[in-house]
Structures are given as C-alpha cells and as structure tokens.
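Asker: There's a structure below that I have some questions on.
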Amino acid sequence: MATSNKGVFLNQQKYIPDILQDAEMLHTKPAITPLDSKLRLDSSSKPPLTFITYQRIVGKFIYLTITRLAITFDVSLLSQYIHAPTTQHLDMMKCILRYLKGIIGRGIVMTRNVYIDITRYTDSDWAGNALDRRSTTGYCMLVGGNLVSWKSKKQQVVTHSSAEAEYRAMAYASCELIWAKNLLADLGFVSHTLMILFCDNQAAMHIASNPVFHEGTKHLEVDCHYIRQQFQAKLI
Amino acid sequence: MEQLKGLKPTQLVAQGFSQKFRIDYKETFSPVAKIIIVCVLLSVAVNQGWSLYQMDVRNAFLHGELEEEVFMKLPPGHSQSHSPNLVCKLHKSIYGLKQSPPAWHAKLNVALQTLGFTRSNANSSLFIQQNFTNKLIVLVYIDDLIITGSNENFVAKLKVDLQ
C-alpha cells in the first residue's frame, strides 16, 4: 500500500513473483490476456499425474484477486475444478501465470473524488458454461468513485433466457447495495441520492421497473423448480 | 545458524487440543473484517482526506479474560513441575487455548465501548465513535486495527488510550 496526496494505491507487487517462483515460471514470456475468450472446456482431456501444485497455486490466485480483479473470472473457473483438474486446466493456469508476469506492478488506485455514493455494474452471460449451461454473473461496485467490491460467480440455477440470468444478477446486486448503504449510514454518511445500478439488458430492466411482468418471471422460476422436483422424485 | 547465537523469543503455549467443547470452552472465533469493508473504509477515508493508521496489538491473546475455569499442568522448567498432582489455574487467556480469540475480542469490545465507541450493525468488526463534529472509526481484524477519523488529535489520543 502506498499513499500520496492524490490517494491510496493498493497492490500485491511482491506476491506475484512469489507465485511465479512457486510454479517455476519466473522467466516465462508475459501474455496480454489471462485466457482466450473463445476457450471451450474439453471434458475429454486427461487428469494430470499430480495436481497438488495446481491446488496450491489456484489458492494463491484467490488471494491475489484482492487487488487483481482482471483474473477474477478465470480464477473462479479454475477453482471449480480444484478437486479434479485435467491437463487443460493446468494449461489454463499457466496462461494466467504468464498474464500475471506482465502486470506485476499494477494495482488499485483510490482517488479523492469528494463525493460518497454507491454505483454498481452488473452483467451476466447466458448459459456460458458449455458443460452444465449455467450462466455466470459478474459485478463490481464503486463507493465514492473507487472500486471496492467485485466478483464473478456461476449462478446456482439454469436460466431460460438472458433476461432471467441478468435479472438474477441484479437481484444479487441489490442485496449488497442495501448492505453497503447501511454500512455507509453506520459510518455517518446518510446519502439521499439514489444508488445507481447499471445493467445491460433491457428486458431485465423492464422486469425490475414494471410489476406486471412479475407473473411471467415467477412462472419461469416455478417452472424450473417444478421440473427439478419432478426429476428428484424420479418421475421424469 | 545465526539464530542460535542469541536467545530465541519463547512463549508459553497451552495444549488446546486437550480441551473439550462445551466443558472447557464454548466459542473459538474472533471477528475478522471483510475485505470489502476495508476497501469501503479506504475509499471513505481517501475521499474525506482522513489519515489512516494501522495498529498491531502485541501479545493480543494474553489480554483476554477467561470466562471458564481453566486448569493447566505446570509448565516444564517450573520449580514444582515434577510433582504430578499440582496444576495451575489460569486467570487470563494464553496462546493455544481454544477460547483465546473470543476472550481477546470481548476485552477489546469492552475497552472500545468504554471509550464511547458503538459497534456497527453492518459488520461486527467495525466500531464507530461519533459526536457533532468528529468521527473516529476502528476496524478490527483479530489483533490488527485500522484507525481513521476526521480529527488527527482524537486519533492520536485513541492510540494512547488503547495502550
């Protein structure tokens, strides 16, 4: 952590070389991006001989996401296979390590913006995971113009439409927004301005603002629960 | 090998693994701050132009008061440690006891509350002292504290008070 008159700079500069050393990739060639965006998980790739290093390094990645949010999605993807990685996951881990090599000095800057309000961006892909077709939510939250919270999380249920996936992301987001508002109120900053929630799906925004639509979404959800119940009862 | 030349720092540690749940101890945890609260606090402090201080409490777990009665075999090296029937009763928590973390946090909680702090509803590791003009905030991560506030003198006074 470094401070100046402009603000605070947070980074984990020493930690990245430690990870690279651990993986014996200290002299690797840096990469521009952590993972290929068109990457498809291949369920047929073989399990590696040993994956203790993989588990240890993914654990270190999780700690690194405190200041390196660019790898949040990739780390969440890798940690889903921490119990049984394949050679493909090991290759993905090496890609991330190469990316980290190129960004050692970077971190998060907190600057003085004189206002304290909450803004939040949410997004979701739709059925992005090729293996189980669940959607992944991503969000980041800014308090006083500075980044404070971010996450990438695979949704618990399969959604029927992108609007539903985005709407779920929004529901999750609003919970934390309310919590953050209470936290600020506790700190003595009672804000009367609206919190801003950004979302990039028109349908999901209509569902949020128009109560008439709720029947439709409830139906979707009930549908999904019903089918699952039937499946669990071994009726289908 | 250099370590062998000087005296090594030593500490008496209890064998907490021999304690039994509900008999010798109840709770074992001490609150830690979530990273998001640390970030929110940093952002607020930067935006308000407050200065930030980090404090580390030395030998934190030795300060805690014990709720339960805990007896311990005499440590090796004690003048009477060879008599098998003698035990000692602990007045304060020591490292290694299961209930040391909550005992320490309870002590800190009381100390902060007598100084006029209230615990935040949003997170139990956040303590706030507020009057009309000034504000003091303490964030607790077991034995590490982050202190910030609108008035430098109050922060300095708090640091003295906590000692």
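Asker: Find all pairs meeting these conditions: Cβ atoms under 7 angstrom apart; at least six residues apart or on different chains; first residue within the stretch A:85-111 and surrounded by 16 or more Cβ atoms within 10 Å (Cβ to Cβ); second residue among the polar types (S, T, N, Q) and assigned to a helix (DSSP H, G or I).
Answerer: Close Cβ pairs (under 7 Å, with a partner that is among the polar types (S, T, N, Q) and assigned to a helix (DSSP H, G or I)) amount to A:110/B:43.
Asker: In the set B:136, B:145, B:115, which member is more than 14 Å from chain A (Cβ to nearest Cβ) and more than 16 Å from residue B:35 (Cα to Cα)?
Answerer: Working: B:136 fails: more than 14 Å from chain A (Cβ to nearest Cβ); B:145 fails: more than 16 Å from residue B:35 (Cα to Cα).
Going through B:136, B:145, B:115 in turn, the sole match is B:115.
Asker: Could you check how many residues of the stretch A:112-129 are under 21 Å from the mean Cα position of the chain (by Cα) and open to solvent by 50 Å² or more (accessible area, probe 1.4 Å)?
Answerer: The first filter runs over the stretch A:112-129 and keeps only residues under 21 Å from the mean Cα position of the chain (by Cα), leaving A:118-129.
Of the ones still in play, those that are also open to solvent by 50 Å² or more (accessible area, probe 1.4 Å) are A:121, A:123, A:125-126.
The number of residues fulfilling the criteria is 4.
Asker: Return yes when residue A:49 is aliphatic (A, V, I, L, M), within 20 Å of the chain's Cα centre (by Cα), modelled with pLDDT under 80 and not assigned by TED's automatic domain parsing to the domain that holds residue A:140 and no when it is not. Lay out the reasoning, then the answer.
Answerer: On the way: aliphatic (A, V, I, L, M): yes; within 20 Å of the chain's Cα centre (by Cα): no; modelled with pLDDT under 80: yes; not assigned by TED's automatic domain parsing to the domain that holds residue A:140: yes.
When the stated conditions are applied, residue A:49 does not pass them.
Asker: Continuing with this model, one more query. Being surrounded by fewer than 17 Cβ atoms within 10 Å (Cβ to Cβ), at pLDDT 80 or above and assigned to a loop (DSSP other than H, G, I, E, B) is the filter here; which residues of the stretch A:6-34 pass it?
Answerer: Answer for the stretch A:6-34, where residues must be surrounded by fewer than 17 Cβ atoms within 10 Å (Cβ to Cβ), at pLDDT 80 or above and assigned to a loop (DSSP other than H, G, I, E, B): A:13, A:14, A:24, A:26, A:27, A:28, A:29, A:30, A:32, A:33.
Asker: Would you check if residue A:68 is among the charged types (D, E, K, R), open to solvent by less than 10 Å² (accessible area, probe 1.4 Å), within 14 Å of chain B (Cβ to nearest Cβ) and under 14 Å from the mean Cα position of the chain (by Cα)?
Answerer: Working: among the charged types (D, E, K, R): yes; open to solvent by less than 10 Å² (accessible area, probe 1.4 Å): no; within 14 Å of chain B (Cβ to nearest Cβ): yes; under 14 Å from the mean Cα position of the chain (by Cα): yes.
Answer is no for this residue.
Asker: While we're on this one: Scan the stretch A:35-59 for residues that are surrounded by fewer than 17 Cβ atoms within 10 Å (Cβ to Cβ) and either within 14 Å of another protein chain (Cβ to nearest Cβ) or not in a loop (DSSP other than H, G, I, E, B) (or both) and jot them down.
Answerer: A:52, A:53, A:55, A:56, A:59
Asker: Can you pull out every residue in the stretch A:174-194 that is aliphatic (A, V, I, L, M) and at pLDDT 75 or above? If you could, list the steps in order and put the result at the bottom.
Answerer: Step one: list which residues in the stretch A:174-194 are aliphatic (A, V, I, L, M), which gives A:177-178, A:180, A:183-185, A:187, A:190, A:194.
Matches in the stretch A:174-194: A:177, A:178, A:180, A:183, A:184, A:185, A:187, A:190.
Asker: On to the next question. Within the stretch B:82-94, is even one residue within 14 Å of chain A (Cβ to nearest Cβ) and either touching a residue at least 40 places away in the same chain (Cβ under 8 Å) or not in a strand (DSSP E or B) (or both)?
Answerer: We begin by selecting, within the stretch B:82-94, every residue within 14 Å of chain A (Cβ to nearest Cβ); these are none.
The answer is no; no qualifying residue exists.
Asker: If you scan the stretch A:15-33, which residues turn out to be farther than 16 Å from residue A:63 by Cβ and either touching a residue at least 60 places away in the same chain (Cβ under 8 Å) or of a type in the set (A, V, I, L, M, F, W, C) (or both)? Walk me through it before giving the result.
Answerer: First pass over the stretch A:15-33, keeping only residues farther than 16 Å from residue A:63 by Cβ: A:24-33.
Within the stretch A:15-33, A:25, A:26, A:28, A:29, A:30, A:31, A:32, A:33 qualify.
The values are calculated or read from the model by the stated rules, or taken from the named source; none is laboratory data. This one's a predicted model, so the numbers in the text were calculated from it and none came from an experiment. As a convention, Cβ positions derive from the backbone with ideal geometry for all residues, glycine included, and neighbour counts pool all protein chains shown. These area figures cover heavy atoms from the full protein model, side chains too; ligands, DNA and RNA do not enter into them. Shrake-Rupley method; radii C 1.70, N 1.55, O 1.52, S 1.80 Å.
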